[in-house]
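The values are calculated or read from the model by the stated rules, or taken from the named source; none is laboratory data. All values derive from a computational prediction rather than experimental measurement. Neighbour counts run over all protein chains shown; Cβ positions are idealised from the backbone, glycine included.
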Amino acid sequence: MSKILEFKNVSLTRGNNEIIHNFSWTVNEHENWAVLGLNGAGKTTLLKMIQGDLWPSSGSLEVLGGLFGKTNIPELKTKIGWVSTALQDQLHPGDRVTEIVLSGKFASIGIYQEYSDSDLQMAKSILTKLGGQKLLNRPYAVLSQGERQLVLIARALMAQPQLLILDEPCNGLDLFAREDLLEKIDQIAKDPKGPALLLVSHYTEEILPTFGHVLLLRAGSIVDQGERSQIITEKNLSDFYQRPIQIKDLSDSRIAVYPKH
């Protein structure tokens with residue numbers, strides 16, 4: 001497979017509203033992408049289409065070698081890891097951390113299938129590798145927000161996905177928890193056997209150097225896309241946000257963007 005996903009002239013219409021407009025975008029193997037957009041840009045809709053929860057009204061969409069209309073969507077979902085604070089609301093607070101991580105093997109909320117001892121050991125190993133050994137067998141309800149996100153990442157990796165979607169993973173985290181989580185994401189990105197990464201965020205400082213490509217999304221349309229060095233510039237982002245911005249260089253080739261007064 002040479003492509004992770006490909007949108008070709010995709011539009012999505014609901015009622016009289018066209019939510020996604022003539023969308024063409026390709027993510028190749030060995031590419032990690034970040035998607036930037038303000039509230040209402042269509043980021044969630046885009047992710048739901050990749051996941052197979054929404055289908056194009058026109059155009060074609062191919063994800064992990066499966067062309068929509070000719071592929072098995074439930075099977076496709078097992079190949080995609082998903083990390084989002086929205087998922088936290090669907091989990092059962094009384095569940096143990098190990099059970100939640102293990103449920104990722106089946107892309108389910110809760111465990112309803114049989115699993116082996118090796119599956120259980122794999123769940124523990126993934127969480128431990130991410131630095132979450134102390135969380136094993138603890139109730140999910142007592143975890144901090146940062147710990148919950150770490151558990152969700154471990155859960156997403158349990159199915160050995162080919163694509164890992166990080167939907168605003170740092171939402172609700174304090175400064176230190178955010179940096180800890182970004183360090184874990186960087187660890188995954190540097191694994192030669194790891195999945196392709198797709199990060200959705202509001203904030204450029206969360207775009208680690210490993211995300212070499214950036215897509216700018218506004219009102220359901222692509223404003224620009226390409227290599228991060230060409231996309232994340234003051235002029236480009238000022239045009240994108242339709243307001244003047246200034247860029248501040250941070251350590252480790254990261255940048256922050258602020259309104260320009």
Which listed residue is at pLDDT below 90 and among the aliphatic types (A, V, I, L, M), from L61, L102, L36, L54: L102
Does segment 82-92 contain at least one residue that is crowded, with 18+ Cβ neighbours inside 10 Å, without any contact (Cβ under 8 Å) to a residue 60 or more places away in the chain and either of a type in the set (F, W, Y) or closer than 28 Å to T44 by Cβ (or both)? yes
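Listed here are the residues, each with its yes/no results for (1) hydroxyl-bearing (S, T, Y); (2) loosely packed, with under 15 Cβ neighbours inside 10 Å; (3) out of contact with any helix residue (DSSP H, G or I) (no Cβ under 6 Å at 6 or more places or on another chain).
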| site | (1), (2), (3) |
| --- | --- |
| P192 | no, yes, yes |
| T204 | yes, no, yes |
| I207 | no, no, yes |
| G220 | no, no, yes |
| I231 | no, no, yes |
| L237 | no, no, yes |
| H261 | no, yes, yes |
Between a first residue in segment 17-37 that is more than 11 Å from L215 (Cα to Cα) and acidic (D, E) and a second residue that is surrounded by fewer than 17 Cβ atoms within 10 Å (Cβ to Cβ) and modelled with pLDDT under 90, which pairs have beta carbons less than 7 Å apart while being 6 or more apart in sequence or on different chains? E29/M1; E29/S2
Single residue of segment 60-81 satisfying the filter (of a type in the set (A, V, I, L, M, F, W, C) and outside any helix (DSSP H, G or I)) that is surrounded by the most Cβ atoms within 10 Å (Cβ to Cβ): V63
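Residue by residue, here is whether (1) without any contact (Cβ under 8 Å) to a residue 24 or more places away in the chain; (2) part of a loop (DSSP other than H, G, I, E, B); (3) among the β-branched types (V, I, T) holds:
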| position | (1), (2), (3) |
| --- | --- |
| Q149 | no, no, no |
| G172 | no, yes, no |
| A177 | no, no, no |
| I188 | no, no, yes |
| E205 | no, no, no |
Specify which of the listed residues (L215, L199, L182) is of a type outside the set (S, T, N, Q), farther than 25 Å from G131 by Cβ and either part of a loop (DSSP other than H, G, I, E, B) or under 18 Å from the mean Cα position of the chain (by Cα) (or both). L215
Give me the residue from segment 120-147 that is small (G, A, S) and assigned to a helix (DSSP H, G or I) and, out of that set, surrounded by the most Cβ atoms within 10 Å (Cβ to Cβ). A123
Pick from segment 218-236 the residues that are more than 16 Å from I255 (Cβ to Cβ) and assigned to a loop (DSSP other than H, G, I, E, B): which of them is farthest from the chain's Cα centre (by Cα)? A219
Residue among E99, E18, E6, E31 that is surrounded by 12 or more Cβ atoms within 10 Å (Cβ to Cβ), closer than 19 Å to L217 by Cβ, over 18 Å from the mean Cα position of the chain (by Cα) and of a type in the set (D, E): E18
